[in-house]
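The values are calculated or read from the model by the stated rules, or taken from the named source; none is laboratory data. Model, not experiment: these values are computed from the prediction. Here the Cβ positions follow ideal geometry from the backbone for every residue, glycine too, while neighbour counts run over all protein chains shown. The area values use the complete protein model at the heavy-atom level, side chains included, leaving out ligands, DNA and RNA. Shrake-Rupley method; radii C 1.70, N 1.55, O 1.52, S 1.80 Å.
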Amino acid sequence: MASLFHCSAHLSSTPSRSSLPTSSLSPPLSLFPSPITRRNSSIVFTVLPRQIPQSFPTSPSLVRCCVKEPLKVMISGAPASGKGTQCELIVQKFGLVHISTGDLLRAEVSSGTEIGKKAKEFMNSGSLVPDEIVIAMVAGRLSREDAKKHGWLLDGFPRTFAQAQSLDKLNVKPDIFLLLDVPDEILIERCIGRRLDPVTGKIYHIKSYPPESDEVKARLVIRPDDTEDKVKARLQIYKQNSEAIISAYSDVMIKIDANRPREMVFEETQTLLSQINLNRMIKTDKASPVQDNWRGIPTRLNNIPHSRDIRSYFYEDVLQATVRSIKDGNTRLRVDINIPELNPEMDVYRIGTLMELVRTLALSFADDGKRVKVCVQGSMGEGALAGMPLQLAGTRKILEYMDWGDDATLGTFVKLGAIGGKEVDEEDDLFILVAPQNAVGNCIIDDLQAMTTAAGKRPVVLINPRLKDLPASSGIMQTMGREKRLEYALTFDNCYVFRLLYYAGTQYPIMGALRMSYPYRYELYKRVNEENGKEKYVLISTYSERPTPDQINDAFSGKSREESKKPSGIWGFLGSGFF
């Protein structure tokens with residue numbers, strides 16, 4: 001299968017397993033064959049094979065999806081809603097052609113085109129440029145090769161229902177219509193606080209974005225249309241037109257809370273656009289899984305040991321999310337999956353099931369010719385403090401005894417190591433770290449940071465890490481460098497999250513589940529009992545970011561967003577250690 005993403009660079013080249021003698025190869029992998037069961041005399045494991053991309057993209061400044069149709073985006077927002085900032089970030093990330101009618105008018109007039117000459121007549125007389133001229137100008141820009149190839153971002157247009165109808169007749173339809181929503185009082189405050197630098201054209205704000213020097217501050221001016229009366233008038237006109245526009249694009253419109261920092265707004269925007277790209281990519285590849293056809297959460301998850309089908313289901317779910325994230329160029333990843341079968345905190349014997357998940361990931365990448373290093377942390381500390389977390393004791397031996405196939409995969413395409421910078425070899429393509437965690441009085445962060453530094457742009461995947469401090473009686477880990485350790489831990493992005501939800505302090509009954517599979521949103525499910533002793537999981541809410549316990553409590557209580565802002569008692573749905 002051809003690579004679905006444009007890659008600007010590749011990792012160090014490695015021989016493919018297909019270059020080995022045919023007699024030594026395990027069964028060939030297709031996209032979704034039946035699970036391959038690998039056995040030895042003492043352990044039976046099931047591996048779900050999965051084809052992955054031939055190379056990992058590195059340093060992705062743009063997301064370029066090789067799909068039949070590039071992204072087509074419209075964005076709308078009231079004055080001072082942050083539309084310009086979001087447009088700049090979208091163009092930078094996705095490489096879309098930014099189309100603004102104001103810029104087009106100035107370019108057409110400056111170039112002296114027929115459309116420019118007609119537009120100039122109306123502009124010189126102080127009249128609005130007629131819709132037919134603006135529509136012709138926009139349609140002409142959309143027909144250019146760069147917009148067809150890379151996709152487009154139509155900024156603040158259409159502004160009226162008539163313009164929307166005209167675009168529809170020309171078959172100009174967006175994949176998504178982003179509406180930036182900000183309360184009126186905030187918009188007014190943003191506008192009247194804006195200041196223009198007449199020298200550079202840069203826009204500042206006296207409170208949220210002040211100038212960098214007194215020299216710049218001295219020359220700032222207030223734009224003529226940024227007075228309170230004019231802002232209110234512009235808002236009224238915008239509202240009248242936006243209501244009609246919303247009806248035209250209601251099927252693809254997403255309202256975004258833009259009364260947040262620009263980074264948070266863009267994070268949600270980026271997730272939405274990435275999901276459209278992924279869905280379109282999946283539709284062009286008939287053999288790939290479709291999120292809409294995801295079978296849902298398996299039931300009876302409190303019954304352990306889980307059946308092989310349930311284990312294989314979660315292994316494949318984690319694998320797909322990890323592959324998608326690496327294909328998008330992400331290199332610092334973490335997987336958090338906490339079902340009873342994969343939670344050695346409850347029972348150290350469950351570490352074998354966790355190793356089965358690790359082996360599934362490692363073999364899938366190895367089957368594509370990647371050299372994978374699976375790492376378990378070694379002993380930390382000295383003297384009486386030397387040791388490792390109980391859950392990891394014997395893990396390295398378990399990995400050595402596991403069946404890795406008949407073609408000497410272990411030692412060639414999969415190697416075992418410890419966590420640390422010295423363990424990173426030049427031929428390694430990807431690192432899978434098994435449950436890195438602190439021991440009492442000892443911190444794994446330094447070794448982990450040395451390893452990621454040595455790995456550079458190569459992917460490092462943490463499986464069920466626990467990077468919170470476990471201080472010794474002296475409290476040293478609580479006071480020395482704690483802030484930097486936590487800051488480093490946050491540099492890893494979740495590519496997969498699955499958590500069962502219980503009442504605080506209990507492990508039964510299961511109340512629901514939280515799931516995130518990159519690049520989709522966080523999904524909150526409620527477990528519902530049915531007749532005949534059956535159960536199901538029902539989706540009750542989605543989030544662009546990992547929800548807080550309060551947000552989850554509110555969703556289960558059925559509170560609206562406005563109600564959730566009011567003070568309320570603690571329902572005690574989640575334990576304090578959940579997040």
Around residue 130 (Cβ within 11 Å, Cβ-to-Cβ, excluding residue 130; K/R +1, D/E -1) the net charge comes to -2
Rounded to the nearest 0.05, FRET efficiency between residue 246 and residue 139 (Cβ-Cβ, R0 25 Å) equals 0.65
Ranked output for segments 209-222, 357-370, 451-464, 239-252 by mean other Cβ atoms within 10 Å, highest leading, reads 357-370, 451-464, 239-252, 209-222
Of the listed links 120/239; 120/173; 370/536, those spanning more than 32 angstrom between alpha carbons are 370/536
So, over other residues within a Cβ distance under 9 Å of residue 109, counting Lys, Arg +1 and Asp, Glu -1, the net charge is +2
Given a 1.4 Å probe, the accessible area of segment 63-199 per residue, as a whole number of Å², is 49 Å²
Simple SL model, points at 7 angstrom along Cα→Cβ for residue 427 and residue 267; separation in nm is 4.0 nm
If R0 = 35 Å, then residue 236 and residue 487, at their Cβ-Cβ distance, give a FRET efficiency to the nearest 0.05 of 0.15
